[in-house]
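Following: one structure in structure tokens, then a few remarks.
The values are calculated or read from the model by the stated rules, or taken from the named source; none is laboratory data. Keep in mind that what you see is a predicted model, and the values were worked out from it rather than measured. Don't worry about glycine lacking a Cβ; one is built from the backbone with ideal geometry, like all the others, and counts go over all protein chains shown. With ligands, DNA and RNA removed, areas are computed over all heavy atoms of the protein, side chains included. Shrake-Rupley method; radii C 1.70, N 1.55, O 1.52, S 1.80 Å.
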Amino acid sequence: MSRILDTLRYSKDHEWVRIEGEKAYVGITDYAQDELGEIVFVELPPIGERYKKDEEISSVESVKAASPIINPIEGVVLEANEDLDGSPELINEDCYANHLYVLGSFSQEDYDSMMDGNEYKTYLASL
Amino acid sequence: MIEPLLIDKSKKGRLAYCYPPLDLPRSFDHEFEHLPSHLQREGGARLPEVSELDVVRHFTRLSGMVHGVDNGMYPLGSCTMKYNPKLGEEIAQMAQFTQIHPLQDTSTVQGCLSVMYNLLEDLSSITGMSWGSLQPCAGSHGEYTGLKLIRSYFLKRGDLNRTKVLIPVSAHGTNPASAAVNGFDVVEVASNRKGLVDLDDLKSRLTDEVAALMLTNPNTLGLFEEDILKISEAVHEAGALLYYDGANLNAIMGKARPGDMGFDVLHLNLHKTFSTPHGGGGPGSGPVMVNDLLRPFLPKPDIVLREGGYAFDWDQADSIGKVSMFWGNFLVFLRAYVYILRMGSEGLRAAANHAVLNANYLAKKLKPYYEIPYTGGIMHEFVISVKNYKEQYGVTAEDFAKALIDEGYHPPTVYFPLIVDEALMIEPTESESLENLDAFIDAMIRIAKRAKSDPGSLKKAPISTPVGRLDQVKAVKEARVRY
Amino acid sequence: MIYPYIPHTDEDRAHMLEALGLSSIDQLFEVVGEDLLLEDSVPIAHRRTEDEVQRMIDSIAQRNIRGIPFLGGGCYDHIVPATVKALSSLPSFVTAYTPYQAEMSQGLLQAIFEFQSMICEITSMDIANASLYDGSHAIVEAALLMVNAKRGAKKVLVSETIHPFALKALKTWVLGTEYEIVLVEEKDGITDFSNLAIGDDVGGLIVQSPNRYGFVEDYTGMAELLHERKALFAISSDPLSLAIQKTPGQWGADIAVGDTQSLGLSLAFGGPSCGYMAVKQPLLRRIPGRLVGITADAEGRRGFTLTLQAREQHIKRERATSNICSNQALAALMTTIHLSSLGWNGMVEAARQSYAKAHYLAHHLGQLPGVDVLDAHPFWCEFPIVFHDAKRLRKFLQELRNEGIFAGVRLSALTRKSADELVLLVAVTEKRSREELEMYIAAAQRVMK
């Protein structure tokens, strides 16, 4: 049973977003980390670059798979989670506590169009 | 049994190979020092300093820790690990071929050009195509070339809209990768319940944006695409072209021809169907064969036969250009040509006959123990799923594969095609005798029984190899790829 | 009826068909359908015995004419120790598949690991892959890497002085894609960097040294310039030349590519060859091709395995940035054995002797009328000579041919341009004996006097 937090928003590509003031934290969901298996590498996006919604922004790698991370909301990369450089498996341990990157100047509209916890749960059931 | 790295056996001053002294006037002894200093290399490189015997023992021991077709059965699905004739090896070492430079005057390389031209003729006859190019060095290189031909064909017609390539989800990874490298968007075509191309799904996707459909036939489940003529018709009606991935040609060689099925372009794998050795991962050769429609676009130079003899022809205005430095993997052509000469028309047909007979025999005998999700019309290979074993006993396809290693076999292909869970793809080839097949069946049955009675033992496999299961996560994380 | 390489007897076939409940193998092919099934086989010749085939091949081989090759143009006749052929012919190496099943392939994986390491050492780079098809493919993969590594990159700058066939391969690659090759022109035989424009859409620069004329190029300041503009720097080199020439790593390049044919592979009419690519650490996840890494098993025993496979086509599929699957493994093994036999000292000796012999020949040819040795720039073992007229060039080639010497490669054979007709590229390796050199000089003197 996939863990889903009601406080977050979700994309079809299994990313979650959490807003804290002017910042949007982005990570991957429990379903995604489970599918990947033990994560061995995270490619972090460059700071300062603007990415559109649905643009490929990063990638997460396990031994047998390489998953692109599709940016769920338009924004500018403010921070990248450097903890993941040395310990990518943190995502497996707690995918909601360990974000991938942080966006600023993000699109509220894009965020509003994302799925909430219940909608994501329904979506997962359809897969 | 650990064989140290050769660099770790080095001793300063030791020498394996001795060059004769420089036989020029003494004034040339230090000629190299005239290279301006800012262009000179700084420092040396750490390479082994060992004796010749050290080199020989090192690589001989390493070869003892490798499993080739010469060692034992290799039922690797989609790889066609058939016997590599020794005659081919001997001929490929003839100095009359190995000492020929690619840029010698054509009048001095008539032997090489003759081999290439005659090989192209034979491959055209075998596939039912019009002509081809031997330049691509591997199957996926052939795919890249073939897709480039398709792209150029549409560009020449001003058909700039055709940016998509349709590929079944069961296809080999190189298919979509080759399409992507050529700038195409990949659209997946669904399989039906029989494991074949879903004709309705295909038709719904055949818009005027589609350049080609890539297929292998038999497909990666070892099943013949019964509707191939209908598929071909639909694709051509939509104005698109049909690409054949020749990896599975061994099933139909001498029995049917891709050209007759309506394919416009194909690549062959000489290192599969035509018995040239795999060499640990290469070199192979992936010739591309085409019909008249695509012939003008073939890589250059072409090889032609004129009154004076064979020649290179660089005068094709619409050629896509070059895909290799020179003319392709010539020594591989030589081996394939020798194979075709040996087998002849009867032998090639017999190879397909016996490859299919062997696979069907194995499938029949294994069916009581292993689930075969798609059984309708198995040809030269088939796919088993150990999903039920995983669910009941927790043993995966990987565990079965590793257990087979302890039985003395190279495991079948695992986790491919993607449409079958916990897949093992088995292709015995025509090289294996009845006794070899029966022994393999016995081994598979033993493992099936162990999976039920002692699943833990499968998880520990392999135990008969120099090392046990390796830590793949550690390998990726540490990424130590050099000494 | 026993067919070559197929062990089945009539009895075997009968037994197997019985097990299948069938009466004939043809029934297994019914699914193909009548419209497609061939009645007989394909229209090629009947089979032949080993002896017949050997005779046929012998007769074909007689139509090849061997000579003393002063030929280069990307393929060189160097001395190869006997160990190379002997050890690379060991049956398990020859007949093995790609070592995906690591535990039973440790020997092969270790050999590839050693290859990767040696390439890194020679090029002064951090990571090398398990081989590419050839030098032209390596250059194309470098370009692919460049456009994928930089967001918005659409162009790759390429020097006009790289091997003309590699340039053709690059142009073939961009056909039908959104990418563009921008030529950096040559001046007097070397790359002219004076008009270099490195825009935001430029992924990188690819150069070659020794270049297509054999000239060693100067890349001072190039790496810094490119890195400032966030572009990558790739240098293609004959790996043997790196025994005396400044290495790509020492020039600050990000990518080193080339062909290891000059390290242990025979001429073989141009194939199989063996491409190499080595990169600096930051590009670890962008390098195409197979990579072998060190790891351990549960008992802590050292083992080798194919690693970082998430980069490759079988995992990335339509998101792959390179489609390479099979490589030139056995050829790379030959290079590994060659380098193991030579060691660094051997490599340096071979490179120095090639240099000396080439300069000896150039010195003597430079004294002849009717032809100019172009030595405005330093060269290693290959140099261009320009004839004053085509007739003498033809006579020159014929006269030397009569002595059993292949005098050089016509530049026009590579560039396919008639303007280059008077230029002959002469290559001299350590393998050319004093006697062969004197024969060349004497014949040249006879023709050109």
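Details
- The calculated Kirkwood hydrodynamic radius for region B:348-468 is 14.6 Å, given to one decimal from all distinct C-alpha pairs.
- With Cα atoms, 0 to 90° folded angle of helix C:10-20 axis to chain C main axis: 70
- Shielding value for B:334-347 is 6, the average number of Cβ atoms from other chains within 10 Å of each residue's Cβ.
- Distance between region C:1-79 and region A:1-50 - C-alpha centres, whole angstrom: 55
- Counting only DSSP beta bridges whose two residues both lie in the protein assembly as shown, roughly 70 percent are antiparallel.
- Neighbourhood charge, 9 Å Cβ-Cβ cut-off, centred on B:M444 and excluding it, Lys, Arg +1 and Asp, Glu -1: 0
- Nonlocal amide H pairs with B:L47, under 5 Å, H built at 1.01 Å: C:W344
- Taking region C:1-158 and dividing mean pair separation by its residue count, relative contact order in percent (alpha carbons under 8 Å, at least six apart): 6
- Region A:9-117: relative contact order in percent, alpha carbon pairs under 8 Å with at least 6 residues between: 33
- Residues considered: C:Q106, C:Q54, C:Q398. Largest GNM mean-square fluctuation over chain C, using C-alpha springs under 10 Å, is found at C:Q54.
- Cα centroid separation, region C:343-369 to region B:290-307 (Å): 41
- Sequence ranges B:207-215, B:28-36, ranked by mean other-Cβ count within 10 angstrom, highest first: B:207-215, B:28-36
- Amide hydrogen neighbours beyond the local backbone of B:G321, cut-off 5 Å, H modeled: B:K300
- The overall shape of region B:17-56, judged from the alpha-carbon gyration tensor, is oblate: a/c is not under 1.5, and a/b is no greater than b/c.
- Rh (Kirkwood; distinct C-alpha pairs) - the protein assembly as shown, Å: 30.0
- Sequence ranges A:35-42, A:66-73, C:204-211, C:27-34, ranked by mean other-Cβ count within 10 angstrom, highest first: C:204-211, A:66-73, A:35-42, C:27-34
- Principal axis extents of the C-alpha atoms in chain B (largest first, rounded to whole Å): 79, 62, 45.
- Convex hull per residue volume in Å³, alpha carbons only, for region B:245-306: 130
- Around C:E430: net Lys/Arg minus Asp/Glu count, Cβ-Cβ under 9 Å: +3
- Structure remark: mean-square fluctuation, Gaussian network model of chain C, C-alpha springs under 10 Å; the largest value among C:A376, C:A332, C:A128 belongs to C:A376.
- Between the residues A:P68, A:G37, A:Q108, the greatest Cα displacement towards the positive end of the dipole of region A:9-117, with unit charges on the Cβ of Lys, Arg, Asp and Glu, is found for A:Q108.
- Unit charges at the beta carbon, dipole of region A:9-117: most positive-side option, A:N92, A:Y51, A:W16: A:Y51
- Counting, for every residue in B:296-309, the Cβ atoms of other protein chains within 10 Å of its Cβ and taking the mean gives 1.
- For region B:254-276 versus region B:65-93, the gap between their alpha-carbon centres in whole angstrom: 20
- Interchain or long-range residues, amide H under 5 Å from A:I39's placed H: A:N92
- Local electrostatic count, C:A390, Cβ distance below 12 Å [Lys/Arg +1, Asp/Glu -1]: +2
- Global size of chain C as Cα Rg and Dmax, reported in angstrom: 25.5, 84
- Per residue solvent-accessible surface (Å²) - chain A, probe of 1.4 Å: 48
- Taken over the alpha carbons of region C:15-88 as equal point scatterers, the Debye sum produces base-10 log I(q)/I(0) values at 0.15 Å⁻¹ of -0.86.
- Look at the stretch C:14-25: the mean tally of other chain Cβ atoms within 10 Å of its residues' Cβ atoms is 3.
- Whole-Hz couplings from phi, Karplus 6.51/-1.76/1.60, listed for region C:137-149; x for Gly and Pro: 5, 4, 5, 5, 5, 5, 5, 4, 4, 4, 6, 8, 7
- Principal axis dimensions, region B:206-281 - Cα atoms, whole angstrom, descending: 42, 24, 21
- Estimated vicinal HN-Hα couplings, Hz - region A:2-12 in sequence order (Karplus 6.51, -1.76, 1.60; Gly, Pro = x): 6, 7, 9, 9, 6, 7, 10, 10, 10, 10, 5
- Computed helical MRE - 222 nm, chain C, DSSP H runs ≥ 4 contributing -39500 (n - 2.57), nearest 500: -11000 deg cm²/dmol
- Listed by chain and number, the lysines placed with their C-alpha closer than 16 angstrom to that of C:K391 are C:K449; residues fewer than eight positions away on the same chain are left out.
- Rg/Rg_globular for region A:9-117, with Rg_globular taken as 2.2 N^0.38 Å and Rg from C-alpha atoms: 0.96
- Taking chain C as a Gaussian network of alpha-carbon nodes connected by springs under 10 Å, the highest mean-square fluctuation of the residues C:S159, C:S23, C:S194 belongs to C:S23.
- By average C-beta atoms within 10 angstrom, highest first, the peptides B:138-148, C:114-124, B:452-462: B:138-148, C:114-124, B:452-462
- For region C:326-449, a simple Cβ point-charge model (Lys and Arg +1, Asp and Glu -1, everything else neutral) yields a dipole of about 340 debye relative to the Cα centre.
- Sequence-ordered 3J(HN,Hα) estimates for region C:196-208 from the Karplus curve with 6.51, -1.76 and 1.60 and θ = phi - 60° stand at 5, 10, 10, x, 5, 8, 9, x, x, 10, 10, 10, 9 Hz, glycine and proline given as x.
- Over chain B, accessible surface divided per residue gives 32 Å², non-protein components excluded, 1.4 Å probe.
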